[in-house]
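K.L.:
Quick one: the structure is below, questions incoming.
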Amino acid sequence: MTRLSPAAARWLIVAVVLALWELLPRLGLVAELFLPSLSSTVAVTVADWPEYAQNLLVTLYEVALAMVFACGAGILAGSLIGGVALLRNLLLPVFSSLYAVPIVILYPIFTAWFGIGSESKIVFAATYGFFPVTLATAAGIRTIDPQLLIVARSMNASLSQQITRVIVPASIPTVLAGLRLGGALTIVGVVVSEMLTSAAGIGYLVTRYRTVLDSAHVFAAVIMILLLTVVFDALVRFIERRTAVWQSAGRISRASLREVVAQPAPALG
Amino acid sequence: MTGRQIVLARLGLLALVLAAWEALPRLEIVNPRLFPPLGEVLRVLAEILARADVQAGVAVTAGEVAVAFGLAVPLGALIGVAVAENDYLGRVFKPLFFFVFSVPKSIFLPMFILVFGIGFSQKVAFGIFSALFIVIMSATAAVESVRAEHVLVARSCGATRWQILTQVYMPSMLPILLETLRISMIFTLTGVILAEMYASRTGVGSLIGNWGENFMMRQLFAGVLLLALIAILINESVRLLEARCSTWRT
Amino acid sequence: MQHLAHVTPLDGHAAAAAIEVTDLDHVYANHDAEVAALADISFLVEAGRFVVIVGPSGCGKSTLLMILAGLRHATGGTVRCDGEPIARPDPHRVGVVFQEASLFPWLTALDNIEFPLVLRHVPREDRRRRALTMLELVGLAGFGEKYPHELSGGMKQRVSIARGLVQDPPVLLMDEPFAALDEQTRMTMGHELLRIWDETRKTILFVTHSLTEAVYLADEVLVMSARPGRIVDRIDITLARPRSYEMMATETFGRLRDRIWRQIRAAP
């Protein structure tokens, strides 16, 4: 028997999974409660689309705000911690130790402080995403070849030029990787907090339908969340590929650096 | 700064944070009912630790984590090694695992509740699910980290297959294995706690959830502090072990 | 320093042995095609000789060495050491030194040298004793407790050589062992190797790219052609022993090197 190519084998696996998803419940081999069939899941999605869409918007709004805070604060903190040796030696191990703590335990505190509306979700998700972004940025800052800065200085680049022309472009790959991770965790943070205590959002729908044992609706909502994370991930990867003009993170060839520094400084200069 | 100075600086930072935790609520700069001062929290912590129901909750959580961990690690290791050793399986499954790994597992929790209910098995199952994929990927990475040259040298020294496994693979993989254990412990703990907070009547997670719902802030803070300390303790101990076994790693 | 010939061998053994290669062919499958790596290789290396194999990249010299080490089975022909076929790796008959020292980074230098003995369950005292003797032989006395990452490239190769010799094999195979070292270290190591050979008088089969190294070290040079590798020439190195650096400037040296180079360039 000739072997399938790995890609073909994977598609086969996916197809089999989808087929089982449809057939096992329909044939009564698995209770509809545990596994609603593919068709019924799709059916309820279409039928109740307005409700899903509305709650999805709430979730997206919370995700967006949380991401701004998580990524913004995370990049800032990460740059400082990674860049300033004193802070790095002092704080980096502390941060990575804290990472071991399940952040979800802070959520009840946030609900007590901020109520069960969007605010607590945003704060929680922002906290959830903040740590990985910080750690990734801090690590990434370190990979920037210090030789590049020496070369830039030897060409008489000003401090702002060094930052904007060397450090920023050189750190884009690692920052994007951190954003990808932090963003995914922010989405998870929002959804999980919505699942725990909420009155709106896709996570809330999951819990509401779960408590009435409506599996099809639960599955539909979870699939939607899944798609959300996949789309976000794909989006960031797309941006990463577009900006990855240089091969290894943080390395710019000497020739292009010369051109880059020779251009007129930006208004901030 | 020397190593000593750094440690002192960190302790100083910690002292500052703890002092702020104590002072800010007491001075009513932050609302002490929402943010109990450190002293209060510690006192209540001692109280709750003495309570039978809290002790039972800790035992339940510990049991769930232990069982989940004890099942996830061997299972994941087996699958990971199989994927690393068999070229075909590797090429088929690695992208799949990568994809599954990048999807956050927490969102599947409600499905586990639909299937398992809200008891012990559900939390263990979700704990296993949370940690399984990282164990698989780490096990694969660990096997692949063994350098082919080392295996060749061992063979040229006349080693049997068993000897190659124990004398080359094991020591070579040890640092990664320890790191895997540490990270999978974190994932398992997180998964179990989440499951307890979401829908459970037993365990530390559910206690914390209850305290939160009932605005019992001091107990809540005490529980959170306890859990955080346990997590950090486990993490740091395994880290120390890792460091001691990895002196030879560049 | 204890002469190696007086160290009790693991069991009765000649100090050196002859290697006999007859009609060796090796073909391997690469995707869908078959590649002939070696063709019709026959030669005899007498006991105690230092023979160097030189050839262009990809000519199969490393494959040949793998077969001689018992790490690979040739598709045709026979390989014998002292009349016995070489069927599998046996560091008691054939010691191997690779290009990458490939020391186990989690073991100290001494532990690395002891490794083959550990595999054979040799008692600890004996292991230690032999390993220390080897360490001294390669000139690294006192460095036994260092880890590989604490050693220089040359030192790591010395440990690798010690490991190859620890079971006192009559034959030592060396696959471009100095290729990864800088030129000065290479010259020193070559000299050291000749000293070790002089003391132990093993049969050494040494593979290299370097023509200078070949002429400097060898009693006899076997020149291989490009793939499929064949032996196209056997050159007796008529330089006196012990070799010295000054010999590299002599006319004889130049002529021998030249002859090898012409053979390599001419071979199809």
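The values are calculated or read from the model by the stated rules, or taken from the named source; none is laboratory data. Remember, it's a predicted structure, so these values are computed and weren't measured experimentally. Counting neighbours? That spans all protein chains shown, and the Cβs are built from the backbone with ideal geometry, glycine included.
K.L.:
Inspect the stretch B:86-101 for any residue being assigned to a helix (DSSP H, G or I) and within 18 Å of the chain's Cα centre (by Cα) and give the result as yes or no.
P.N.:
The answer is yes, given that some residue of the stretch B:86-101 is assigned to a helix (DSSP H, G or I) and within 18 Å of the chain's Cα centre (by Cα).
K.L.:
Could you list, in sequence order, all residues of the stretch C:51-71 that are surrounded by 23 or more Cβ atoms within 10 Å (Cβ to Cβ) and in contact with a helix residue (DSSP H, G or I) (Cβ under 6 Å, 6 or more places away or on another chain)?
P.N.:
Correct list: C:VAL52, C:ILE53, C:VAL54, C:GLY55, C:ALA69.
K.L.:
State the number of residues belonging to the stretch B:228-250 that are within 12 Å of chain A (Cβ to nearest Cβ) and polar (S, T, N, Q).
P.N.:
2
K.L.:
I've got another one for you. Name the single residue, out of those in the stretch B:21-34 being within 14 Å of another protein chain (Cβ to nearest Cβ) and touching a Phe, Trp or Tyr at 6+ places or on another chain (Cβ under 8 Å), that is surrounded by the most Cβ atoms within 10 Å (Cβ to Cβ).
P.N.:
Per the stated criteria, the residue is B:PRO25.
K.L.:
Name the residue, out of C:LEU256, C:LEU205, that is in contact with a strand residue (DSSP E or B) (Cβ under 7 Å, 6 or more places away or on another chain), more than 21 Å from C:ILE19 (Cβ to Cβ), at pLDDT 90 or above and buried (at least 21 other Cβ atoms within 10 Å of the Cβ).
P.N.:
The conditions single out C:LEU256.
K.L.:
I want to confirm something. Restricting to the stretch C:99-137 and keeping residues that are among the hydroxyl-bearing types (Ser, Thr, Tyr) and in contact with an Asp or Glu (Cβ under 7 Å, 6 or more places away or on another chain), which single residue is farthest from C:GLN157 (Cα to Cα)?
P.N.:
C:THR108
K.L.:
Could I ask something else about it? Can you tell which of B:MET170, B:MET137 is part of a helix (DSSP H, G or I), closer than 30 Å to C:HIS92 by Cβ and more than 9 Å from chain A (Cβ to nearest Cβ)?
P.N.:
After ruling out the rest, the residue left standing is B:MET170.
K.L.:
Among residues belonging to the stretch B:47-74 that are among the small types (Gly, Ala, Ser) and farther than 15 Å from B:ILE230 by Cα, point out the one that is surrounded by the fewest Cβ atoms within 10 Å (Cβ to Cβ).
P.N.:
Looking at residues that are among the small types (Gly, Ala, Ser) and farther than 15 Å from B:ILE230 by Cα, I get B:ALA52.
K.L.:
Something else: Just to be sure I understand, how many residues within the stretch B:153-166 are more than 7 Å from chain C (Cβ to nearest Cβ) and surrounded by 17 or more Cβ atoms within 10 Å (Cβ to Cβ)?
P.N.:
Final tally of qualifying residues: 2.
K.L.:
Residue check: is B:THR190 facing chain A (nearest Cβ under 9 Å), outside any loop (DSSP other than H, G, I, E, B) and in contact with a Ser or Thr (Cβ under 7 Å, 6 or more places away or on another chain)?
P.N.:
The answer is yes for B:THR190.
K.L.:
Let me ask something else about it. Taking C:PRO123 and the conditions (1) more than 14 Å from chain B (Cβ to nearest Cβ); (2) surrounded by fewer than 21 Cβ atoms within 10 Å (Cβ to Cβ); (3) in contact with a helix residue (DSSP H, G or I) (Cβ under 8 Å, 6 or more places away or on another chain), which numbered condition does it fall short on, given that it satisfies the others?
P.N.:
It is condition (3) that C:PRO123 fails.
K.L.:
Further, regarding this structure: Tally time: how many residues in the stretch C:137-171 are outside any helix (DSSP H, G or I), out of contact with any helix residue (DSSP H, G or I) (no Cβ under 6 Å at 6 or more places or on another chain) and within 20 Å of C:HIS121 (Cα to Cα)?
P.N.:
2
K.L.:
Hey, can you tell me all the residues within the stretch A:104-122 that are within 16 Å of the chain's Cα centre (by Cα) and aliphatic (A, V, I, L, M)?
P.N.:
A:ILE122 - this is the single residue of the stretch A:104-122 that is within 16 Å of the chain's Cα centre (by Cα) and aliphatic (A, V, I, L, M).
K.L.:
Regarding the stretch A:204-214, can at least one residue be identified that is within 8 Å of chain B (Cβ to nearest Cβ), of a type in the set (Lys, Arg) and either buried (at least 24 other Cβ atoms within 10 Å of the Cβ) or under 24 Å from A:VAL30 (Cα atoms) (or both)?
P.N.:
Yes, the stretch A:204-214 has at least one match.
K.L.:
As an exercise: evaluate B:GLU213 against (1) more than 10 Å from chain A (Cβ to nearest Cβ); (2) surrounded by fewer than 17 Cβ atoms within 10 Å (Cβ to Cβ) and give the number of the one condition it does not meet.
P.N.:
Failing condition for B:GLU213: (1).
K.L.:
Further, regarding this structure: Would you mind stating whether B:SER102 is in contact with a helix residue (DSSP H, G or I) (Cβ under 7 Å, 6 or more places away or on another chain), within 20 Å of B:MET185 (Cβ to Cβ) and at pLDDT below 90?
P.N.:
no
K.L.:
Next question, about the same structure. From (1) more than 10 Å from every other protein chain (Cβ to nearest Cβ); (2) closer than 20 Å to B:TRP21 by Cα; (3) free of Cβ contacts under 8 Å to residues at least 24 places away in the same chain, pick out the condition that doesn't hold for B:VAL224.
P.N.:
Every condition holds for B:VAL224 apart from (1).
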